[in-house]
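The block underneath contains the structure these notes are about, expressed in structure tokens.
The values are calculated or read from the model by the stated rules, or taken from the named source; none is laboratory data. Computed from a predicted model, the values in this text were never measured in an experiment. For neighbour counting, all protein chains shown are included, and Cβ atoms are generated from backbone atoms with ideal geometry for every residue, glycine included. Ligands, DNA and RNA are excluded from the accessible area calculation, which covers all protein heavy atoms including side chains. Shrake-Rupley method; radii C 1.70, N 1.55, O 1.52, S 1.80 Å.
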Amino acid sequence: MAKKTKIVIIDDHQLFREGVKRILDFEPNFEVVAEAEDGTEALTVVKEHQPDVVIMDINMPQINGVEATKRLVEAHPETKVIILSIHDDENYVTHALKTGACGYLLKEMDADTLIEAVKVVAEGGAYLHPKVTHNLVNEFRRLALSGQVEHVGQVKPEVRRPLHILTRRECEVLQMLADGKSNRAIGEALFISEKTVKNHVSNILQKMNVNDRTQAVVVAIKNGWVEVR
């Protein structure tokens with residue numbers, strides 16, 4: 001029997017916590033071992049339950065999610081934190097990641113995105129909400145083109161598909177990842193199942209030798225393999 005992923009949910013809204021827990025309970029390999037309503041309580045329950053993944057609201061009384069994440073990562077480096085937020089601004093995202101979070105989800109997420117994020121982070125990867133990934137890529141491109149950061153150099157006016165390593169279908173999926181689409185949205189656009197999309201994404205990551213979707217998109221942007229739009 002596979003080892004269950006132990007999860008703690010930290011959010012000051014009880015109804016939201018219950019909704020998240022209900023989604024996670026559908027996964028047989030997930031186990032929600034505790035809940036808390038603020039950053040102070042989070043430190044206590046994590047110490048007690050030693051979870052694999054903490055789902056942490058960014059806006060909470062007393063100690064906010066970013067500060068709580070920083071303290072948790074320092075005290076329990078083996079525990080992975082996913083930040084929940086209503087903010088898709090890149091400043092919030094980069095600040096959260098700098099404090100040690102492994103994931104960043106918007107509260108507008110669907111159930112599949114939440115489950116996928118927990119699985120990826122539990123396995124040692126990083127996960128950003130597709131919309132957040134798209135915004136970060138656009139900001140990176142804007143800064144590069146304005147000369148505020150080192151220019152990406154390899155980016156060409158025309159898009160040159162990486163057909164030397166990816167299939168045509170995988171190129172389509174990679175472009176949609178850069179567009180910020182979720183697995184479900186990609187499946188609907190290409191008329192394929194969500195499971196097939198996940199298989200394509202796994203193949204893309206393996207062929208590009210990257211760990212997660214965000215890295216794949218950044219590499220693709222740098223090499224001019226996708227269109228930033």
Mind listing the phi-derived Karplus ³J(HN,Hα) values for segment 86-92, rounded to whole Hz, using 6.51, -1.76 and 1.60 with θ = phi - 60°, and x for any glycine or proline? 8, 9, 9, 5, 4, 5, 5
Counting only heavy atoms of protein chains, what accessible area per residue, in Å², does the chain have with a probe of 1.4 Å? 51 Å²
Return the sequence-ordered ³J(HN,Hα) values of segment 3-13 in whole Hz as given by the Karplus equation 6.51 cos²θ - 1.76 cosθ + 1.60 applied to θ = phi - 60°, using x for Gly and Pro. 5, 6, 7, 7, 10, 10, 10, 10, 7, 7, 10
Filter on Lys6/Lys47; Lys4/Lys70; Lys21/Lys47 - keep pairs with C-alpha separation over 22 Å: Lys4/Lys70
Value of relative contact order over the chain, rounded to a whole percent, pairs C-alpha under 8 Å and six or more apart: 14 percent
In a Gaussian network model over the chain where Cα atoms closer than 10 Å are linked, find which of Lys107, Lys198, Lys98 has the largest mean-square fluctuation. Lys98
Thr167 to His87: FRET efficiency via 1/(1 + (r/R0)^6), r the Cβ-Cβ distance, R0 30 Å, to the nearest 0.05? 0.25
Arg160, Arg168, Arg71, Arg213, ranked by accessible area, largest first (probe 1.4 Å): Arg168, Arg160, Arg71, Arg213
For Lys80, distant residues with modelled amide H under 5 Å away: Val53, Val54
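Using a 1.4 Å probe over the heavy atoms of the protein chains, calculate the carbon and sulfur portion of the accessible area of the chain as a whole percent.
49 percent
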Applying the Karplus parametrisation 6.51 cos²θ - 1.76 cosθ + 1.60 with θ = phi - 60° to the phi angles of segment 186-203, what ³J(HN,Hα) value in whole Hz is obtained for each residue in order, glycine and proline being reported as x? 5, x, 5, 5, 9, 6, 10, 6, 5, 4, 5, 4, 4, 5, 4, 4, 4, 5
Over the chain, the sum of -39500 (n - 2.57) across DSSP H runs of at least four, divided by residue number and rounded to 500 deg cm²/dmol, gives at 222 nm -15500 deg cm²/dmol
